1. Run the quick spin-label model on residue 201 and residue 112: label points 7 Å from Cα toward the beta carbon, then report their separation in nm to one decimal.
2. Apply the membrane-span-like helix rule to the chain: whole DSSP H runs, Cα extent along the own long axis of at least 20 Å, mean Kyte-Doolittle hydropathy at least 0.0. List the helices found.
3. Gain in length, residue 8 to residue 168, computed as 0.36 nm per residue apart minus the alpha-carbon separation, to one decimal in nm?
4. Hey, can you grab everything whose amide H is under 5 Å from the amide H of residue 215? Only 5+ residues off in sequence or another chain; H modelled, so Pro and N-termini drop out.
5. Taking the Cβ of each residue in 43, 69, 184 as the centre, tally the other Cβ atoms inside 10 Å and list the residues starting with the fewest.
6. For a distance above 32 Å, tell me the whole-number percent of Cα pairs in the chain that qualify.
7. Report the full-extension gain for the segment residue 286 to residue 45: residue separation times 0.36 nm, less the Cα-Cα distance, to one decimal in nm.
8. Under a point-charge model restricted to the Cβ atoms of Lys and Arg (+1) and Asp and Glu (-1), what is the dipole moment magnitude of the chain relative to its Cα centre, in debye to the nearest 20?
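FYI, it's all coordinate maths here, none of it is from the lab. None of these values were measured; they are calculated from a predicted model. Here the Cβ is made from the backbone with ideal geometry for all residues, glycine too, and neighbour counts use every protein chain on show.
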Amino acid sequence: MLIGAHVSPAGGLVKAVERGTERGCEAIQIFNQSPRMWRPTPYGEDDFTAFRQAAEASPVQAVLIHAVYLLNCASEDAEIRAKSRTSLIHSLRVGHGIGARGVVLHPGSAKRGDVGAAIRRAGEVIGEALAETEGCQLHLEDTAGAGGTLGRSFDELAALLEAAGGGSRLGVCLDSCHLLASGYDLRPASGLAETVDEFDRVVGLGRLGSLHLNDSATPLGSNRDRHADIGTGELGETGCAAYLSEPRFDALPCVIETNGPDRQGPSAEEVSLCFKLRERGLASRRRRGR
Ligand SMILES: [Zn+2]
Ligand SMILES: [Zn+2]
């Protein structure tokens, strides 16, 4: 597993590699543009080359791009869908340029409308964005299930993948906080294994491309997306240790998206805690013989 954090690219893409390195990250995640604006940041080939060189010379081995939260590929409003498609295409192009493992996308929201129709609309937009681009993978993230958000269950993720064409560039990003909030109990030692078994049955482990580790400030099945710092929420240190040491997650990048102790995002201490919790999780698995 490649452990790391969501970091800011403020001041240029290369700065994200520096911030990741300062925090001891093996993986980083960035927004490719300001999360509150539709306007894309105009990165060019020089920025991409500089980023790839900086990453090459750093401990950062995997990069994820998070598409911004304004996107709603499932919107009933054709203009929002068109803007979402344009923005997603931009994210995928930046991802291709910097050699990202994937673009992570919240699949969209049905708001109060019909879920099946919303899945079809989202699938169409996502399929078009993939057809317009090349190379970079797209990981649909599971959601906490607030309001009409799509991706709250493995069945919904499977339906979204199929609606988007089911191509080889489509994958999934699993977020520990969202899983717990949407009703998957990762905490008992066997709970995580059962959840991963179910994911494999319904979606297929081959689709799993990236992970988010966040502790949850709200309880199992609350359908609310409130990240807690690692070890301080409903998962606790034991739940986080189990997630970080799950054998079937081994080859994947896993980034934290917490507020951090000073609310400036994940800190170096928190990333270092994740490495320790992974070791603790591995040791307890060895004791239990699995
Ligand atoms: Zn996440
Ligand atoms: Zn979240």
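1. The answer from the label model is 3.6 nm.
2. Values: long enough: 78-98 (30 Å, -0.11); 115-131 (24 Å, 0.76); 189-202 (21 Å, -0.13); 268-288 (30 Å, -0.90).
Length and hydropathy pass: 115-131.
3. Numbers: separation 160, 0.36 × 160 = 57.60 nm, distance 2.92 nm.
So the chain would gain 54.7 nm between residue 8 and residue 168.
4. HN-HN under 5 Å from residue 215: 228, 230, 231.
5. Numbers: 43 20, 69 10, 184 24.
With the fewest neighbours first, 43, 69, 184 line up as 69, 43, 184.
6. On the way: 8283 of 41905 pairs.
Here the long-distance tail beyond 32 Å is 20 percent of all Cα pairs in the chain.
7. On the way: separation 241, 0.36 × 241 = 86.76 nm, distance 4.67 nm.
The span from residue 286 to residue 45 would gain 82.1 nm if fully extended.
8. Working: 32 positive and 38 negative charges, 53 e Å.
That gives the chain a dipole magnitude of about 260 debye.
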